[in-house]
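Take a look at the structure set out below.
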Amino acid sequence: MDPLIAGLQAILGERHCLTEAAATDPYLTDWRAIYRGAARAVVLPETVEQVRAILRLARQHGAPIVPQGGNTGLSGGATPDESGRALVLALKRMTKVRAIDPANNSMVAEAGCVLADLQAAASDADRLFPLSLSAEGTCQIGGNLATNAGGINVLRYGNARDLCLGLEAVLPDGSLFSSLRLLRKDNTGYDLKQLLIGSEGTLGVITAAALKLFPKPVARATAILSLTHLDKAVDLLARCRAGLADQLVSFELLPRFGIELARTHVADLTWPLAKLADWSVLVEANTSSLAFDLRAAFENTLAAALEASEIADAAIASSDAQSRAMWGLREGIVEGQWREGANIKHDVSVPVAQVPEFLTAASGALRAAWPQVRILAFGHLGDGNIHFNLVQPREEPKERFLDRTAAMNAIVHDQVQRFGGSISAEHGIGQLRRDELRQRKSPVELDLMRRIKHLLDPDNLMNPGKLL
């Protein structure tokens with residue numbers, strides 16, 4: 001028997017060291033089915049000591065390690081290459097919530113915990129864990145941290161990075177980085193956990209995290225608002241921030257084309273306004289204070305926006321069911337674009353104040369190069385993160401459409417760079433944007449990243465071919 005496989009079976013038992021094609025196949029393709037690789041084995045540890053033993057053994061045999069969470073990533077970061085040399089290390093068995101401390105507003109959870117389960121555990125303790133994204137029923141917190149996931153609540157609570165107090169991780173040589181401190185302040189040198197957050201498994205394997213919790217909201221207000229003009233979106237955002245203060249949670253841009261796709265392809269979606277404007281926004285606020293009249297503040301803010309001609313119409317949810325229906329329209333955009341045909345996706349960010357100008361410039365540049373292009377730009381306007389996607393024209397074959405990817409990427413990302421933005425706001429680099437990152441990052445930044453990678457992983461065994 002292969003001595004590496006024999007060693008892995010000794011650590012995990014045969015049941016949790018997968019080598020047969022039928023068993024390993026689900027771990028070898030990314031969520032979008034763009035990338036497919038091969039693996040020497042898929043290993044499923046249950047404890048941090050097993051992870052340490054696996055990494056030590058892999059290093060002895062020169063076997064690359066590909067950490068994998070819920071495998072819901074959109075950039076191919078958790079898929080092995082085609083060589084068949086790598087071990088896929090899936091953390092799905094590491095699911096313990098080690099501690100919840102409501103008084104400290106903190107929770108310690110292992111990397112394989114599904115995000116929705118952590119939300120539920122926090123709720124059971126009368127607390128909120130606010131990280132929320134469309135894959136929350138499948139994605140795992142280790143992967144969320146490894147990619148610095150964003151989602152719909154970033155405007156108030158921040159990205160995954162902002163929600164992490166401390167980390168436990170296994171480094172490439174099998175040593176344990178244990179820093180599960182529950183502190184809001186710790187000024188004792190380099191904040192080493194920040195190197196691992198967003199590193200996409202290239203520096204080590206996150207095994208557990210100390211996470212921030214918040215008081216559970218006692219009220220929320222949700223509305224869909226039709227903009228009089230795209231340029232008014234930034235003024236409206238400023239008004240909502242001023243009128244709702246820290247209660248503003250989400251500010252999502254909804255284009256006419258996106259809503260049309262959602263209503264075409266997803267059942268039981270109803271637009272709550274008399275007309276469908278070219279641009280609308282979905283706004284949500286919440287409060288954990290019984291003393292704050294959220295409904296009054298919400299209505300007063302929107303009335304002022306109507307008076308200032310920032311919005312043409314507003315629909316405010318009067319129940320949780322209506323709020324869920326409004327969010328169903330936002331989520332329906334994602335499903336609608338998928339059902340409509342192939343997509344060329346961009347996950348970009350620019351300074352919030354420049355989002356309208358960026359959208360106009362990027363759309364104009366694309367249409368000048370390709371008049372038939374169908375642009376679907378939507379998402380987190382409140383934090384400057386726009387999912388600027390292109391949808392396959394009905395008359396164009398899928399293969400020809402996808403052949404345009406590199407050219408379209410260049411046009412969009414040139415505009416992103418012009419506005420001082422980022423080519424990846426929350427989806428990570430993975431394989432998808434790796435080569436372009438070399439063109440967009442400065443030589444100094446790239447050199448520093450490579451030095452850190454070489455220092456921690458001199459044999460380049462941690463998720464090789466990703467990010468750098």
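Every number here is computed from the coordinates shown, using simple stated rules; none is lab data. Computed from a predicted structure; not experimentally measured. Please note: Cβ atoms are built from the backbone with ideal geometry, for glycine as well, and neighbour counts cover all protein chains shown.
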In nm, the gap between the two label points placed 7 Å beyond Cα toward Cβ at N104 and V444 is 3.9 nm
Taking the C-alpha atoms of the stretch 97-215, how large are the radius of gyration and the largest Cα-Cα span, Dmax, in Å?
-> 13.2, 40
If the chain between D124 and N300 were fully extended at 0.36 nm per residue, the gain over the current Cα-Cα distance would be 60.0 nm
Between I34 and D459, what length comes free when the chain is fully extended (0.36 nm per residue of separation minus the Cα-Cα distance, one decimal in nm)?
-> 150.3 nm
What's the tally of Lys pairs in the chain whose alpha-carbon atoms lie under 27 angstrom apart, where the two lysines are 8 or more places apart or on different chains?
-> 25
To the nearest 20 debye, what is the magnitude of the charge dipole of the chain about its Cα centre, counting +1 on the Cβ of each Lys and Arg and -1 on the Cβ of each Asp and Glu?
-> 580 debye
Based on the alpha-carbon gyration tensor of the stretch 207-362 and its eigenvalue square roots a ≥ b ≥ c, which shape applies: rounded if a/c is under 1.5, prolate if not and a/b is larger than b/c, or oblate?
-> rounded
Based on other C-beta atoms within 10 Å, arrange M1, M94, M408, M449 from fewest to most.
-> M1, M449, M408, M94
Could you compute the FRET efficiency for D246 and S363, with r as their C-beta to C-beta distance and R0 at 30 Å, rounded to 0.05?
-> 0.35
Separation of the L276 and R184 label points, Cα + 7 Å toward Cβ, nm | 4.5 nm
Whole Å is fine, so just give me how far the alpha carbon centre of the stretch 126-195 lies from that of the stretch 260-305.
-> 30 Å
With r defined as the distance between the Cβ atoms of E436 and A291 and R0 fixed at 51 Å, what FRET efficiency is calculated, to the nearest 0.05?
-> 0.55
Residue order, fewest to most surrounding Cβ atoms within 10 angstrom, among T264, T147 | T264, T147
The stretch 262-342: relative contact order in percent, alpha carbon pairs under 8 Å with at least 6 residues between | 58 percent
Could you give the dipole magnitude of the stretch 219-339 about its Cα centre, charging the beta-carbon of Lys and Arg +1 and that of Asp and Glu -1, in debye to the nearest 20?
-> 160 debye
Any chance you could check the Cα centroid distance between the stretch 451-468 and the stretch 6-61 for me, in angstrom?
-> 19 Å
Rg and Dmax of the stretch 14-106, Cα atoms only, in Å = 14.9, 50
Translational diffusion coefficient (Stokes-Einstein; Kirkwood radius from C-alpha pairs) of the chain at 37 °C, 0.692 mPa s, in µm²/s | 140 µm²/s
Surrounding charge for Q247, neighbours by C-beta under 15 angstrom, Lys/Arg +1, Asp/Glu -1, total +2
Order by neighbour count: V249, V48, V43, fewest other Cβ atoms within 10 Å first, most last.
-> V48, V249, V43
Given a Förster radius of 25 Å and the C-beta distance between E82 and T405 as r, what FRET efficiency does 1/(1 + (r/R0)^6) yield to the nearest 0.05?
-> 0.80
For Q372 and D173, extending 7 Å from Cα along the Cα-Cβ vector and measuring point to point gives, in nm, a value of 5.8 nm
Net +/- balance of residues flanking T24 in space, Cβ distance below 13 Å, scoring K and R +1, D and E -1 | 0
The chain, helix-only ellipticity at 222 nm - DSSP H runs n ≥ 4, -39,500 (n - 2.57), divided by all residues, nearest 500 | -10500 deg cm²/dmol
Electrostatic dipole magnitude of the stretch 97-215 [Cβ: Lys, Arg +1; Asp, Glu -1; Cα centre; debye, to 20] = 340 debye
